[in-house]
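The values are calculated or read from the model by the stated rules, or taken from the named source; none is laboratory data. Keep in mind that this is a model prediction, so the values were computed, not measured. Cβ placement follows ideal geometry from the backbone for every residue including glycine, while neighbour counts extend to all protein chains displayed.
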Amino acid sequence: MAFSDLAKEKLSGKVAVITGASMGIGEATVEIFVRHGAQVVLLSRDSGRLESARARIGRLDQTLALACDVRHREEIDRVIGLIMHHFHRIDIWVNNAGHGLLDSVATMRMDDCREMFDTNFFGTLEAMQAVIPIMKQQSSGAIMNVSSVAGHIPLPFHAAYSATKFAMNAIGKAARIELAGSGIQITGYIKEKREVIVPWTMHPVVKIYQLFPALVEWSMKRMAKSRS
């Protein structure tokens with residue numbers, strides 16, 4: 001289910017929570033949901049950028065901004081407590097928080113790699129674990145994990161970032177099966193034009209890879225060789 005499909009549903013009165021909402025695809029998602037009548041909670045570790053995004057969106061009566069670092073489960077639990085106190089339900093949770101790491105497999109620092117996994121993957125997993133019990137009680141809900149082209153094709157010099165997105169995709173697909181019949185939808189979305197780490201022009205590579213994997217792998221090897 002893509003954002004455009006979700007937007008076609010009746011979102012009026014729904015409560016949506018979006019991580020990494022202070023810029024880029026997160027902010028764009030807030031705009032879409034607000035436009036279709038949802039009440040939207042913006043989460044980001046940077047409270048200044050978060051309030052700036054909320055001001056740009058403009059519909060202050062439909063939005064609530066809360067500082068949250070998804071690397072820490074206690075912060076996720078804290079904001080969920082505030083959201084439940086204010087709205088009494090969570091209908092949609094979008095795991096968008098994440099960042100990249102431009103480095104080679106041979107030289108990347110493990111501290112940088114672990115920190116990125118803490119945000120991109122473990123932040124997503126812990127948010128899912130925190131919100132699924134609430135959605136089970138409601139017998140309804142939707143969790144959307146924002147992935148990337150890099151979650152389908154391992155990109156040279158973005159290997160660790162690709163690994164976080166591959167892992168996110170695997171968790172989402174497994175959870176979709178585990179939660180079948182619960183009323184909870186688990187969906188994924190590939191970033192396109194607002195992608196920061198991978199240019200949006202690489203999005204068609206996913207489909208090309210499905211048809212001609214050897215050609216794409218050869219092209220990636222050539223690109224890696226030219227960078228080394």
Top-ranked residue of region 138-152 - restricted to ones that are of a type in the set (A, V, I, L, M) and buried (at least 21 other Cβ atoms within 10 Å of the Cβ), ranked as modelled with the highest pLDDT | I143
Can you find even one residue in region 143-152 that is touching a helix residue (DSSP H, G or I) at 6+ places or on another chain (Cβ under 7 Å), touching a residue at least 60 places away in the same chain (Cβ under 8 Å) and of a type outside the set (S, T, Y)?
-> yes
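If only one of S22, S44 is within 14 Å of the chain's Cα centre (by Cα) and modelled with pLDDT of 90 or more, which one is it?
None of the others qualify; the one that does is S44.
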Quick one: what pairs do we get from region 155-177, first residue closer than 25 Å to S140 by Cβ, second in a helix (DSSP H, G or I) and modelled with pLDDT under 90, C-beta under 7 Å, 6+ apart or different chains?
-> M168/G151; N169/G151
Whichever residue in region 86-116 is surrounded by 18 or more Cβ atoms within 10 Å (Cβ to Cβ) and free of Cβ contacts under 8 Å to residues at least 60 places away in the same chain and, among such residues, is nearest to A16 (Cα to Cα) | M116
Would region 99-118 turn up any residue that is small (G, A, S) and under 17 Å from the mean Cα position of the chain (by Cα)?
-> yes
Inspect region 131-150 for any residue being among the β-branched types (V, I, T), farther than 21 Å from C113 by Cβ, part of a strand (DSSP E or B) and under 14 Å from the mean Cα position of the chain (by Cα) and give the result as yes or no.
-> yes
Does at least one position in region 162-179 carry a residue that is surrounded by fewer than 23 Cβ atoms within 10 Å (Cβ to Cβ), aromatic (F, W, Y) and assigned to a loop (DSSP other than H, G, I, E, B)?
-> no
For region 58-73, which residues satisfy the criterion of being over 19 Å from the mean Cα position of the chain (by Cα) and part of a loop (DSSP other than H, G, I, E, B)?
-> G58, R59
Candidates I80, I32, I76 - the one that is assigned to a helix (DSSP H, G or I), aliphatic (A, V, I, L, M), touching a residue at least 24 places away in the same chain (Cβ under 8 Å) and farther than 21 Å from Q129 by Cβ | I32
